[in-house]
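Trainee: Below you'll find the structure I mean.
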Amino acid sequence: MSSVIPLSNVEAQWEKMETGDKIAVYKELEEVMKKDWKELTLDEKKAAYYVSFGPHGPRAPVSKPGDNFKIFLATSALVGVTGVLFMAIRSISPEPPRTLNKEWQEASNERALEQKMNPITGIASEGYKGPGFVQSK
């Protein structure tokens, strides 16, 4: 059984071939591969490898050349728009609550010491050196 195209030219013709021709080439290669691998010609080995593992069908590349740059630009634009939106929302937002200033947090520390809050491991424990409730600079 001889295929429509020679096995030495499978890589170049595979994408242009009809489905029936592809099946015929595949069946021919299936018969060829039943032989001892050492007896196959180099063209038969290349054709068998290409048909089995070549970049076609489900192994075809998903992205085209140049797609990575487009994705980078789109991602950069999206991050830029997000940054502008963040700054716009932040500029019209109200001031932070008064409980977030340093004086309030220091007063919270003093109140916690008066109440002996968390006497085992916390602010009222013996030798405590942590910041307590102070988180602001």
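Trainee: Which of the residues belonging to segment 49-78 are within 17 Å of the chain's Cα centre (by Cα) and surrounded by fewer than 10 Cβ atoms within 10 Å (Cβ to Cβ)?
Mentor: Looking only at segment 49-78, we keep the residues that are within 17 Å of the chain's Cα centre (by Cα), and these are 61-63, 67-76, 78.
Selection gives 61, 62, 63, 69.
Conditions tested, residue by residue: (1) over 30 Å from residue 21 (Cα atoms); (2) touching a Cys at 6+ places or on another chain (Cβ under 6 Å); (3) not assigned by TED's automatic domain parsing to the domain that holds residue 38; (4) not in a loop (DSSP other than H, G, I, E, B).
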position: 49; (1), (2), (3), (4): no, no, no, yes
position: 71; (1), (2), (3), (4): yes, no, yes, yes
position: 76; (1), (2), (3), (4): yes, no, yes, yes
position: 84; (1), (2), (3), (4): yes, no, yes, yes
position: 113; (1), (2), (3), (4): yes, no, yes, yes
position: 117; (1), (2), (3), (4): yes, no, yes, no
position: 120; (1), (2), (3), (4): yes, no, yes, no
position: 124; (1), (2), (3), (4): yes, no, yes, no
position: 127; (1), (2), (3), (4): yes, no, yes, no
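Trainee: Going through 70, 116, 129 one at a time, which residue ends up being at positive phi and of a type in the set (Lys, Arg)? Reasoning before the result, please.
Mentor: Details: 70 fails: at positive phi; 129 fails: at positive phi.
Answer to the check: 116.
Trainee: Can you confirm whether residue 67 is modelled with pLDDT of 85 or more and assigned by TED's automatic domain parsing to the domain that holds residue 13?
Mentor: Working: modelled with pLDDT of 85 or more: yes; assigned by TED's automatic domain parsing to the domain that holds residue 13: no.
No.
Trainee: Given (1) of a type in the set (Gly, Ala, Ser); (2) loosely packed, with under 10 Cβ neighbours inside 10 Å; (3) farther than 30 Å from residue 135 by Cβ, where does residue 93 come up short, assuming only one miss?
Mentor: Here residue 93 meets the rest and fails (3).
The values are calculated or read from the model by the stated rules, or taken from the named source; none is laboratory data. If you're wondering where the values come from, they're calculated on a predicted model, not measured in any experiment. Glycine gets a Cβ as well: all are built from the backbone with ideal geometry, and neighbour counts include every protein chain shown.
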